[in-house]
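Working notes for the structure below.
The values are calculated or read from the model by the stated rules, or taken from the named source; none is laboratory data. Given the structure is predicted, the values throughout are model-derived calculations rather than measurements. Here the Cβ is made from the backbone with ideal geometry for all residues, glycine too, and neighbour counts use every protein chain on show.
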Amino acid sequence: MNTRNIISKVAVMLIVIISIVSCQEDFNTIGSDIVGDESLLSQLDNTKTVVAYSRKLAPVQTNIIPVSQLGVFNDGTFGKSSVSFLTQLQMETPNVVFGDSIGHEIVLDSVMLYIPYYNQNSTEDGLTTYTLDSVYGNSPIDIRINESNYFLRDLDPNSNFQDAQLYYSNQADLFEANLLQNELVTEITDFIPSLEGYEIINRETSTDGSTQIDTTIIAPGLRVSLPTDYFQEKIIDKEGAPELSNDNNFKDYFRGLYFKVNSNSEDGNLFVFSQELATITLYYNFLRAEVDSAGDPVLDDDGNAVIDTIYNNYILRFGGINLNVFNNELTPEIASAIANPNTLEGEENLYLRGGDGIITVINLFGEDLDSNGIADELEQLRDQEWIIDDAKLKFYIDQSKVTGGETEPERISIYNINNNTVLADYFLDPTSSNLPIDAITNHLGKIERDSDNNGVSYTINLTHHISNLINKDSTNVSLGLLSSQNILLNGFQKLDTLQSPNQELPTIKSVQRSSVISHEGTVLHGNNTLNEDKKLVLEIYYTEPN
């Protein structure tokens, strides 16, 4: 046996072991960069003051969002909510020429409205099966579609046309007062979303005059036939006219369609959809004399011109301004619970609801008794210079006050109320590239459910936020907790009024965009709950400096 080789191998092993131990020591000394691994944490503090209460939101801006809602929803906890929709249509091609027809007679065969649902699909043996996403409820609703006469502006004249014009969730009366009463485009009765896709037969004529028939399957969605007479007069007959010559003229001429929903019961159905996928398609045909390659008419055996029927289509997209209006009927119990919140000591229960619904305000570290601008508890922590290994708020759902299951929001979110920004933990979350349902889960944990699929809790990780407060002297801002539909839909929507009961409370100027498109709500145990095991506390895992 070669003794030198043995010694060399032992030496290498010792170097590797020493390196691992050294790395472990280094890892423990940068606890502020460790998230969620409590096996490395030395101490827990859960004694710091948390004050949380809920407030009804002021009307919220609903335009400049890429997705919209339509329908009626009732989760059994907060009451009935009806969400209507106004869209400003956009021409696929301005100054369109529908066809060089004989006698210029364009025949409009059909007009189809199509708003696809979010879905997932799989195909086996040529059969496609769909699973719907963001579709809620299965009770019938009625949808009236009227032409709007309200001109939707891109820019706000009150800002000297420098800022975008904002539209708010409480403006239904304004829009409905400006409907063209004689222009009910259509009414859809007893509408219930279906899982079934649609088989579409398309006929299009190529440049050589031949007609191709193509059959395709499109995903489930709201798909209904609209009256051809209306669109013949509104669109086809305006070929070559100033109204269709450019987008600005068209927006002034055809000011939009208003979708008003109604349910004759306390229930209904609601779906969230992408505006860019919604269309109105005009299918039309016209007659055209066939010509040869030299441009001369093609004649039949009798010397008559050969006439072709040309098939084509023209698309109007939901590409202009789109907005929602809400009619929320809060139950008396919920309305009473949030009417006069205890903003100094916090509440027993906390309430969240999307749309222009309910926000929960959270303040950390208590009062500033010495009036130096820093909460006394936070000042003490800064003096102690803790290394923050992990920090989180865990919100327990009050299952006695909510209907569990699919009506509960899968995600909730938190943001800086003072500056209308997400927290540092949002940007540093390594799951940000995932699909929305699984994204930002280190910072904004998904709902935890029991064996019956009822929600139990949500966990919000604030490690970087708390570390910045203690070690980087960041401002201790008020935090806003909201229901969220799509955690990746970043950005903020303004409130119609700056909402603050008095100067001592935070002024809520905006809310997260992902909450505005959420219809769901939940009830949580607060910091003043009688159930000590489910009390809202701030858990800080820390390491004391050497």
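Mind counting the residues in region 371-407 that are out of contact with any Pro (no Cβ under 7 Å at 6 or more places or on another chain), among the acidic types (D, E) and at pLDDT below 95? Break it down stepwise before answering.
Let us first name the residues in region 371-407 that are out of contact with any Pro (no Cβ under 7 Å at 6 or more places or on another chain), namely 371-384, 386, 388-407.
Then drop every residue that is not among the acidic types (D, E), which leaves 376-377, 379, 383, 389-390, 398, 406.
After this cut, where a residue has to be at pLDDT below 95 as well, the list is 406.
Number satisfying all stated conditions: 1.
For region 413-427, which positions are of a type in the set (A, V, I, L, M, F, W, C) and touching a residue at least 60 places away in the same chain (Cβ under 8 Å)? Break it down into steps so the answer makes sense when it comes.
The initial filter retains those residues of region 413-427 that are of a type in the set (A, V, I, L, M, F, W, C), namely 414, 417, 422-424, 427.
I414, I417, V422, listed by residue number.
Being assigned by TED's automatic domain parsing to the domain that holds T403, aliphatic (A, V, I, L, M) and in contact with a Pro (Cβ under 9 Å, 6 or more places away or on another chain): is that true of I460 here?
Details: assigned by TED's automatic domain parsing to the domain that holds T403: yes; aliphatic (A, V, I, L, M): yes; in contact with a Pro (Cβ under 9 Å, 6 or more places away or on another chain): no.
When the stated conditions are applied, I460 does not pass them.
Any idea which of N442, N471 is of a type outside the set (S, T, Y), touching a strand residue (DSSP E or B) at 6+ places or on another chain (Cβ under 7 Å), surrounded by fewer than 20 Cβ atoms within 10 Å (Cβ to Cβ) and more than 22 Å from V361 (Cβ to Cβ)? Working first, answer last.
Working: N471 fails: touching a strand residue (DSSP E or B) at 6+ places or on another chain (Cβ under 7 Å).
Only one candidate qualifies: N442.
Of the residues in region 258-289, how many are modelled with pLDDT of 90 or more and either in contact with a Cys (Cβ under 8 Å, 6 or more places away or on another chain) or among the charged types (D, E, K, R) (or both)?
4
Quick test for you: out of S245, S265, pick the one residue that is under 15 Å from F98 (Cα atoms), touching a residue at least 12 places away in the same chain (Cβ under 8 Å) and surrounded by fewer than 19 Cβ atoms within 10 Å (Cβ to Cβ). Step through it out loud before you land on a result.
Numbers: S265 fails: under 15 Å from F98 (Cα atoms).
Being under 15 Å from F98 (Cα atoms), touching a residue at least 12 places away in the same chain (Cβ under 8 Å) and surrounded by fewer than 19 Cβ atoms within 10 Å (Cβ to Cβ) holds for just one of S245, S265, which is S245.
Could you tell me whether any residue of region 290-311 is surrounded by 13 or more Cβ atoms within 10 Å (Cβ to Cβ), part of a loop (DSSP other than H, G, I, E, B) and at pLDDT 95 or above?
Within region 290-311, not a single residue is surrounded by 13 or more Cβ atoms within 10 Å (Cβ to Cβ), part of a loop (DSSP other than H, G, I, E, B) and at pLDDT 95 or above.
Does at least one position in region 278-289 carry a residue that is part of a loop (DSSP other than H, G, I, E, B) and under 30 Å from L132 (Cα atoms)? Full working, then the answer.
Of the residues in region 278-289, the ones part of a loop (DSSP other than H, G, I, E, B) are 278.
Add one more test, that the residue is under 30 Å from L132 (Cα atoms), and what stays is 278.
Checked region 278-289: at least one residue is part of a loop (DSSP other than H, G, I, E, B) and under 30 Å from L132 (Cα atoms).
Could you grab me the full set of residues in region 428-448 that are touching a residue at least 40 places away in the same chain (Cβ under 8 Å) and part of a strand (DSSP E or B)?
Scanning region 428-448 gives a single hit, L444.
Out of contact with any helix residue (DSSP H, G or I) (no Cβ under 9 Å at 6 or more places or on another chain) and hydroxyl-bearing (S, T, Y): does that describe T463?
Details: out of contact with any helix residue (DSSP H, G or I) (no Cβ under 9 Å at 6 or more places or on another chain): no; hydroxyl-bearing (S, T, Y): yes.
It is false that T463 is out of contact with any helix residue (DSSP H, G or I) (no Cβ under 9 Å at 6 or more places or on another chain) and hydroxyl-bearing (S, T, Y).
(1) assigned to a strand (DSSP E or B); (2) surrounded by fewer than 17 Cβ atoms within 10 Å (Cβ to Cβ): which one isn't true of G76, the others all being true?
(1)
Of the residues S148, S122, S54, which is over 21 Å from S265 (Cβ atoms), surrounded by fewer than 20 Cβ atoms within 10 Å (Cβ to Cβ) and small (G, A, S)? If you could, list the steps in order and put the result at the bottom.
Details: S148 fails: surrounded by fewer than 20 Cβ atoms within 10 Å (Cβ to Cβ); S54 fails: surrounded by fewer than 20 Cβ atoms within 10 Å (Cβ to Cβ).
The match here is S122.
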